[in-house]
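Here is the structure we will look at, set down as structure tokens.
The values are calculated or read from the model by the stated rules, or taken from the named source; none is laboratory data. These numbers come from a predicted model, not from an experiment. Here Cβ is always computed from backbone atoms with ideal geometry, including for glycine, and neighbour counts include all displayed protein chains. Only protein heavy atoms, including side chains, enter the accessible area calculation; ligands, DNA and RNA are left aside. Shrake-Rupley method; radii C 1.70, N 1.55, O 1.52, S 1.80 Å.
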Amino acid sequence: MNKASTTAGGGGEMSDGDDYALTRVPDEARYSWFSVAVQRFGQVSALAQFLLGATLGYGMTFWNAFWALTVGAVILEVVCIFIGIIGVREGLNTSVVARWCGFGHAGSAVIGLVIGVSLIGWFGIQSAVSASGLHGIMPFLPQWAWALAFGLLITAIVLRGFGSMQLIANITVPLFLILVGWAVISELRNHSLSDLMTSAPAGPELSFLAGTTIVAGGFIAGAVITPDMTRFNRTAGDVVKQTLVGITLGEYVIGLTGVLLAHAVRSSDIATIILSSVGWVGVLIIVLGTFKINDWNLYSSGLGIVNFIDVVFGRRINRAVVTAVVGVTGSVLAAAGILNSFTDFLILLGVGFPPIAGIMVAEYFIVKTWRKDLDESRAAGTLPSSAPTWVPATLVIWIVSALIGHYSTFGLPSINAVASAFVLYVVAGRLGLIRGVGRTATEAPQEPSGSSALTH
């Protein structure tokens, strides 16, 4: 097994770009909580968060939007902290640790496929959004060429793994905040802050429940893939700190900025809001905001597909190779302009995300059917020797909880799905229904296919 090469930032990554896709992240490859918090903040402070804030501001008063953001943020933080602690303790990404967190060997492949397909779809769609903005200020290239260039640039960065993404985050996140500050000051200097905070919304009224649902549901997929990031943390305390800092700042700084701008411009159209404030600089804001969420879309998509291939085909493919293939594919689809046709499918696919978190947390912290396997192997830095092949009860709970979230007409749909999955799994565990069918041996670590790195 390759060793990590320690970096100046206190972490390290595998030189072949595999980034511990199917193994535990060792202690020497972990990062400080603040370093990882920068990436978490970068995820939350994306274009989508501006859109979310503008949507709230268009239909809610400032203070109603503030409390909707607060409640939604707390819900997200609770989910992220618990599932994030699984990641830091085990040093494993979401789809791999799911083998021993309720889903079994084959079930984890389904998770990997759902994550992989969903996130590569959003990667392409958001590349196309940025391409539209870039074409607007630099029309010397057609929009399809900008989509291709933008997607390939992110692919090149993600190829090198977490350390490379950390370096880019250290540059893009501060620059993003500076440009956002400029946009806000440029627009709001012509308005009274007190008037904006007390003015009525410009659009149809949005209820507090609907607003909170938008906030909590807007990042639930990011919450589910939290272990992909927190496996690079050092302690559970680090996960708590980075979650509180990253999500709180992301929701308040970017979300409330969107609320105020929507009140000032009297529109929920984020492009209109930003471009009316600072013109071409606004496009850079949109591009940078998309950049930091899109690299994680591609990174987690690659991890999910690596696990899927390992489970279904019994082949260990280097993460960098998979990333290159899906990154180029997503970029080409974005350039071709066909991904928007799949938006409804991706949204439907996203219904399956929330229950995953509820099931994993219930198994790891409460039911603990396979917790002993993880505990014993963790001390040796290896994976358990085998995993249940299928866990039928989990699949039923997953489907039922997803349907509850999708069709429920009360409360917060995404949270209903998480809570339903958690409660149903705990009850099933107490009734002795959480049982694996078959056992699948875990292959010993080996050099992944496509790797040309030397062991050192």
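Report the label-to-label distance for Asp344 and Ala210 in nanometres (one decimal), using points 7 Å from each Cα along the Cα→Cβ vector. If labels sit at Asp344 and Ala210, their model points lie 2.1 nm apart. Ranked by solvent-accessible area (1.4 Å probe, protein heavy atoms only, all chains present), the residues Leu349, Leu403 order from largest to smallest as Leu403, Leu349.
The P(r) of the range 162-249 has a tail past 21 Å containing 57 percent of all C-alpha pairs. P(r) for the range 361-416, please, calculated from all Cα pair distances in 10 Å bins and given in %. It works out to 20, 35, 26, 16, 3, in whole percents. The simple spin-label model puts a point 7 Å past each Cα toward its Cβ; for Phe34 and Ser192 those points are separated by 4.1 nm. Across the chain, Cα pairs under 8 Å and at least six residues apart give a relative contact order of 31 percent. Extension gain, Trp182 to Arg371: 0.36 nm times the residue separation minus the Cα-Cα distance gives 63.1 nm. Each peptide in 393-402, 53-62 receives the mean, over its residues, of other Cβ atoms within 10 Å, and ordering these scores from highest gives 53-62, 393-402.
In the range 298-444, the ratio of gyration radius to Kirkwood radius, Rg to Rh, stands at 1.02 when only Cα atoms are counted.
Close amide-amide hydrogen proximity is noted between Arg439 and Thr389, each under 5 Å apart and 5 or more residues distant or on a separate chain (H modeled in the peptide plane; Pro and chain starts excluded). For the chain, the solvent-accessible area works out to 38 Å² per residue, with a probe of 1.4 Å and every protein chain left in place. Placing +1 on the Cβ of every Lys and Arg and -1 on the Cβ of every Asp and Glu, with no other charges, gives the chain a dipole of roughly 600 debye about its Cα centre. Expressed as a whole percentage, what fraction of the accessible surface of the range 351-439 belongs to carbon and sulfur atoms when a 1.4 Å probe is rolled over the protein heavy atoms? The nonpolar share, carbon plus sulfur, comes to 67 percent. Once R0 is set to 60 Å, what does the formula 1/(1 + (r/R0)^6) return for the Cβ-Cβ distance between Val400 and Met138, expressed as a FRET efficiency to the nearest 0.05? About 0.75, to the nearest 0.05.
Protection proxy ranking, highest mean first, for peptides 114-121, 141-148, 421-428: 114-121, 421-428, 141-148, where packing is the per-residue count of other beta-carbon atoms within 10 Å, averaged.
For the chain, the equivalent ellipsoid derived from the Cα gyration tensor has semi-axes of 36, 26, 19 Å, listed largest first. All Cα-Cα distances of the range 291-375, cut into 10 Å bins from zero to the largest, leave 14, 31, 38, 14, 4 percent in each bin in turn.
With the charge dipole of the range 289-414 set up from +1 on Lys and Arg Cβ and -1 on Asp and Glu Cβ about the Cα centre, the Cα lying farthest toward the positive end among the listed residues Met360, Gly314, Pro413 is that of Gly314. Place a label point 7 angstrom from the Cα of Leu167 along the Cα-to-Cβ direction, then list the residues of the range 204-238 whose backbone nitrogen is under 18 Å away. Answer for this model: none.
Computed log10 I(q)/I(0) for the range 108-218 at 0.12, 0.14 Å⁻¹: -0.77, -1.00, from the Debye equation with unit scatterers placed on every C-alpha and solvent omitted.
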